[in-house]
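Below you'll find the structure, written out as structure tokens, and then a few comments.
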Amino acid sequence: MTLLPAATNKKLGLVIDLDTCVGCHACVVNCKEWNTSGYGAALSDQDPYGANPTGAWLNRIHTFEITPDKPKGQGEGEVIGVTDEARVVHFPKSCLHCEDAPCVTVCPTGASYKRAEDGIVLVEEDKCIGCGLCAWSCAYGAREMDIAAGVMKKCTLCIDRIYNEELEEIDRQPACVRTCPAGARHFGDLGDPNSDVSLLVKERGGFDLMPEQGNKPVNKYLPPRKRTRLGEGTPATAAIADDTSEAGGLLGWIDRALSGDKRKGAR
Amino acid sequence: MHPALSVIAFTTLSGAGYGLAFVLALGHGNPAALSTKLGWFVALLLIAIGLLCSTLHLGNPQRAWRAFSQWRSSWLSREGVMAVLTFFPLTVLAAMSVLGDTFNLALGYAVAIMCGLTVYCTAMIYASLRTVPSWHTGWTPAVYLMFSMTAGTLIYLSFFGPASGTMSNRIWIMLALVFLVVAWGVKFFWHRRSKAVGYGQSTQESATGLGHIGSVRLLERPHMTGNYLTNEMGFRVARKHEAKLWFITLLVGFAVPVLLLLLALLVPMMAGFLSMVGTLSLLVGLFVERWLFFATARHAVGLYYGGDEALVPSD
């Protein structure tokens, strides 16, 4: 059924931290690995070892360069070295499980649907005719056709992991989240204002991608933190390093002896 | 967007077929005349070929019957349902002419309206997509409907009209000229809007949400080669030659047919031949127009791949 549910009990989704992501592509690879062997048709590749390999991936990392329009203290457009907030941002992108998902409503067969219980957007592959219209309707490029199977593939939020009681509790999260070595991906219920992910979004000012498209994406992105200059905001670190007030026993005696007076921990 | 030949053939051929059926269903042509019978046959043939073409780009065409189920939300499904609903009374009208030499005006009006609705549904498949701002406008169904009726009028005038027409050939030529001018006028506004609208409100800054830091530029694609998204939505050949192709479209689809039809008014002896050549020229022009419709359309996902400045190796 391609009518969207009026409301979903939960809004399961991801929160992606653009400050923390190092662009290692581990989430991309683990996503492909889990999903090529799990739910639905395998994620096929075409010409994988040839000159022009392509294939279906459900999670991809783009890398963007952001340049402040008018760098302080410099001529317009002249960027030398580190310029204030100029930076490179690694940008993981997968299905955002939109509340108002156009990919669901355009589907002519009812293969695409949004689950009322948790808000996950899925494709029932046995019903998919592979017309590709849902991919056309998605502003985020979240859906990719599996050329071998002729059906549309997309992120399932690892539905075969998150509810899988065969797995250890710690593994019941999406493969991309579980594998991220930087802790840049978080999974949870964004419909619950007190969930860890909702609090994180609130604290860090999480935002929607392309809000003007009107899709109301569930996944949120956390902006890069403001830059700090070297040494900025850190108290005299040298003083901390030299503080030996906790030294006792032999080390304390040596400290006192070499410090030249009886006061422990003096400089 | 990738201009798939199957989708271009589908929209142009079925559009012309419904246009011709529209003209015949309004009662033009003596139902007993051979040319009218042939006209019905050609209309049905164009529609059938068009609809068959539409299934060619499917990954699993054997499940195409499922596409009739989601008419409550999907314009593609509505198009399929309308095509089937129209097919039955259309076939009845055609059979009445071919087998019984008769015609029913009430049924004819119903079929004419249904033909229009089917073409409208076809156009709405594209016009309903928020991701492609140049399509997402009421001008899109207006263009599809006007071109469908223009093609139908010219085909009827050149191939099936003179022998069985209910009006004189001269009036039909003038009517065709009006249709040509109005249809291309509507298309002109569509084209002007399309060129101005680009990616609509979306930018690389809104796509990444990083605009508060500065201007955003793609540094690295997810991987070095193209993928389904860049092949499907990042088609660039046409954009490079957009101005030239648009000129060719106007020349072949508008200028040549109009000149030939004007000439046909001046030289009635040659009218048959001139209008036939003009009609074929229009059909070729519509094919290029439809190719451009797809090939020059900018899809929001292009913003994640560098927008218009990106160097996309595939295509």
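Checked against (1) in contact (Cβ under 8 Å) with a residue 40 or more places away in the chain; (2) more than 10 Å from chain B (Cβ to nearest Cβ), A:Leu122 meets all criteria but (1). Can you pull out every residue in the range A:30-71 that is within 7 Å of chain B (Cβ to nearest Cβ) and surrounded by fewer than 19 Cβ atoms within 10 Å (Cβ to Cβ)? A:Asn52, A:Pro53, A:Thr63, A:Glu65, A:Thr67, A:Pro68, A:Asp69, listed by residue number. Of the numbered criteria (1) surrounded by 12 or more Cβ atoms within 10 Å (Cβ to Cβ); (2) at pLDDT below 95, the one A:Gly248 fails is (1). In the range B:250-263, the residues that are surrounded by fewer than 20 Cβ atoms within 10 Å (Cβ to Cβ) form Cβ pairs under 7 Å with partners that are in a helix (DSSP H, G or I) and not aromatic (Phe, Trp, Tyr), at six or more places apart or across chains, as follows: B:Val256/B:Gly278; B:Val256/B:Ser281; B:Val258/B:Leu177; B:Val258/B:Leu180; B:Leu263/B:Leu274.
Within the set B:Ser77, B:Ser54, the sole residue that is of a type in the set (S, T, N, Q), at pLDDT below 90, within 30 Å of A:Leu4 (Cα to Cα) and surrounded by 24 or more Cβ atoms within 10 Å (Cβ to Cβ) turns out to be B:Ser54.
Considering the range A:72-100, the residues that are of a type in the set (S, T, N, Q) and at pLDDT below 70 include one that is surrounded by the most Cβ atoms within 10 Å (Cβ to Cβ), namely A:Thr83.
If I filter the range B:209-248 down to residues being part of a loop (DSSP other than H, G, I, E, B) and of a type in the set (A, V, I, L, M), which single residue comes out as farthest from the other protein chains (Cβ to nearest Cβ)? Within the range B:209-248, the match that is farthest from the other protein chains (Cβ to nearest Cβ) is B:Met224. Each residue in the range A:103-119 was checked for being crowded, with 24+ Cβ neighbours inside 10 Å and more than 14 Å from A:Ala7 (Cβ to Cβ), and 8 pass.
Note on the range B:296-315: residues that are more than 10 Å from chain A (Cβ to nearest Cβ) and at pLDDT 90 or above total 1.
Only residues that are free of Cβ contacts under 8 Å to residues at least 24 places away in the same chain and either among the aliphatic types (A, V, I, L, M) or part of a loop (DSSP other than H, G, I, E, B) (or both) were counted across the range A:48-71, and they come to 11.
A single member of B:Ala106, B:Ala48, B:Ala25, B:Ala33 is more than 30 Å from A:Ser112 (Cα to Cα), away from chain A (no Cβ under 14 Å) and under 22 Å from the mean Cα position of the chain (by Cα), and it is B:Ala25.
One line per residue, one yes/no per condition, for (1) under 29 Å from B:Ile125 (Cβ atoms); (2) in contact (Cβ under 8 Å) with a residue 40 or more places away in the chain; (3) surrounded by 22 or more Cβ atoms within 10 Å (Cβ to Cβ):
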residue	(1), (2), (3)
B:Pro141	yes, no, no
B:Thr153	yes, yes, yes
B:Ile173	no, yes, yes
B:Ala176	yes, yes, yes
B:Gly185	yes, no, no
B:Ala196	yes, no, no
B:Thr203	yes, yes, no
B:Leu210	no, no, yes
B:Val216	no, no, yes
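Being at pLDDT below 95 and either within 11 Å of chain A (Cβ to nearest Cβ) or within 21 Å of the chain's Cα centre (by Cα) (or both) narrows it down to one residue among B:Ala67, B:Ala112; which is it? From the options B:Ala67, B:Ala112, the qualifying one is B:Ala67.
Summed over the range B:66-103, the residues that are polar (S, T, N, Q), within 19 Å of B:Cys115 (Cβ to Cβ) and touching a residue at least 12 places away in the same chain (Cβ under 8 Å) give a count of 3.
Confirm whether B:Ala43 is surrounded by fewer than 23 Cβ atoms within 10 Å (Cβ to Cβ), part of a helix (DSSP H, G or I) and among the hydrophobic types (A, V, I, L, M, F, W, C). Let's see the steps before the verdict.
On the way: surrounded by fewer than 23 Cβ atoms within 10 Å (Cβ to Cβ): no; part of a helix (DSSP H, G or I): yes; among the hydrophobic types (A, V, I, L, M, F, W, C): yes.
No, not satisfied.
Can you tell me how many residues within the range A:173-228 are without any contact (Cβ under 8 Å) to a residue 12 or more places away in the chain and among the hydroxyl-bearing types (Ser, Thr, Tyr)? So the count comes out to 3.
Within the group B:Pro141, B:Pro133, B:Pro89, which residue is within 14 Å of another protein chain (Cβ to nearest Cβ) and in contact with a helix residue (DSSP H, G or I) (Cβ under 6 Å, 6 or more places away or on another chain)?
Only one candidate passes the filter, namely B:Pro133.
Scanning the range A:157-177 for residues that are basic (Lys, Arg) and more than 21 Å from A:Arg143 (Cα to Cα) returns a single hit, A:Arg172.
Checking A:Ser195, A:Ser137 one by one, the residue that is buried (at least 16 other Cβ atoms within 10 Å of the Cβ), small (Gly, Ala, Ser) and over 20 Å from A:Gly110 (Cα atoms) is A:Ser195 and no other. Could you check, for the range A:133-144, whether at least one of its residues is free of Cβ contacts under 8 Å to residues at least 60 places away in the same chain and in contact with a His (Cβ under 6 Å, 6 or more places away or on another chain)? Checked the range A:133-144: no residue is free of Cβ contacts under 8 Å to residues at least 60 places away in the same chain and in contact with a His (Cβ under 6 Å, 6 or more places away or on another chain). For the criterion of being hydrophobic (A, V, I, L, M, F, W, C), surrounded by fewer than 18 Cβ atoms within 10 Å (Cβ to Cβ) and either at pLDDT 85 or above or touching a Cys at 6+ places or on another chain (Cβ under 7 Å) (or both), B:Phe273 passes. Can you tell me which residues in the range A:168-213 are within 14 Å of chain B (Cβ to nearest Cβ) and in a loop (DSSP other than H, G, I, E, B)? Result: A:Gly205, A:Gly206, A:Asp208, A:Leu209, A:Met210.
The values are calculated or read from the model by the stated rules, or taken from the named source; none is laboratory data. Here the structure is a predicted model, which means the values were calculated and not measured. We place every Cβ from the backbone using ideal geometry, glycine too, and count neighbours over all the protein chains shown.
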